[in-house]
Amino acid sequence: GDGYSIYIPKKGYRYEKDYDDGTIEDKWEYTKRDDVSVEVITYKHTDAELAQKMFLRENDDYIFEDLMGYPLCGMEADGDALWFNLHEANGNTYIVSWEYPKNASERIRAELSEIAKTFKTE
């Protein structure tokens, strides 16, 4: 990636890259379900507070719960979940997010969380 590394299993995920309004989006969709994914968004030359506001605005169909002052999980009305965390490095902010539907298995939920934990800035 652009200033970071993340471990994504070779099997079971397909990669997509997109540039949107000055942000770089790297996305890995789970090949068995198109409603399960891991995404890294790079907000260049943006601090964490602004990046978080932009991310929340882009995902306004989710209701985010404020967990100890930091929104980590958003839920849609149908129960789909979107988790995220922030990382700052070299003047950029990276948001790692993972999304899954209400009926996703516990194994998939745990796998996505473990993938997100592998994220490191370079």
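Having 2 or more residues that are open to solvent by less than 30 Å² (accessible area, probe 1.4 Å) and either touching a residue at least 12 places away in the same chain (Cβ under 8 Å) or of a type outside the set (Ser, Thr, Tyr) (or both) is the bar; report the strands (runs of 3 or more DSSP E) wholly within the stretch 1-77 that clear it. Lay out the reasoning, then the answer.
Values: elements: 13-20, 23-30, 37-43, 63-67, 70-75.
Of the strands (runs of 3 or more DSSP E) lying wholly inside the stretch 1-77, those with at least 2 residues that are open to solvent by less than 30 Å² (accessible area, probe 1.4 Å) and either touching a residue at least 12 places away in the same chain (Cβ under 8 Å) or of a type outside the set (Ser, Thr, Tyr) (or both) span 23-30, 37-43, 70-75.
Identify, please: which residue in the stretch 78-95 is touching a residue at least 40 places away in the same chain (Cβ under 8 Å) and under 15 Å from the mean Cα position of the chain (by Cα) and is, among those, surrounded by the fewest Cβ atoms within 10 Å (Cβ to Cβ)? Outline the logic, then answer.
Of the residues in the stretch 78-95, the ones touching a residue at least 40 places away in the same chain (Cβ under 8 Å) are 80, 87-95.
Then keep just the ones that are under 15 Å from the mean Cα position of the chain (by Cα); that gives 80, 87-88, 93-95.
Working: Asp80: 17, His87: 18, Glu88: 14, Thr93: 23, Tyr94: 25, Ile95: 23.
Across the stretch 78-95, the extreme among qualifying residues is Glu88.
Of all residues in the stretch 12-54, which are out of contact with any Lys or Arg (no Cβ under 8 Å at 6 or more places or on another chain), aromatic (Phe, Trp, Tyr) and modelled with pLDDT of 95 or more?
Within the stretch 12-54, Tyr13, Tyr30 meet the criteria.
Please verify whether Ala77 is more than 19 Å from Phe119 (Cα to Cα) and of a type in the set (A, V, I, L, M), treating the condition exactly as stated. Steps first, please.
Values: more than 19 Å from Phe119 (Cα to Cα): yes; of a type in the set (A, V, I, L, M): yes.
So Ala77 fits the description; yes.
For a quick check of your reading of the model, give me the residue pairs whose first member lies in the stretch 96-122 and is closer than 16 Å to Pro9 by Cα, whose second is open to solvent by 10 Å² or more (accessible area, probe 1.4 Å) and part of a helix (DSSP H, G or I), with beta-carbon atoms closer than 8 Å and at least 6 apart or on different chains.
Trp98/Ser113
The values are calculated or read from the model by the stated rules, or taken from the named source; none is laboratory data. No experiment lies behind these values; they were computed from the predicted model shown. With ideal geometry, Cβ positions are generated from the backbone for all residues, glycine too; neighbour counts draw on all protein chains shown. Accessible surface is based on the protein model in full, side chains and every heavy atom, while ligands, DNA and RNA are left aside. Shrake-Rupley method; radii C 1.70, N 1.55, O 1.52, S 1.80 Å.
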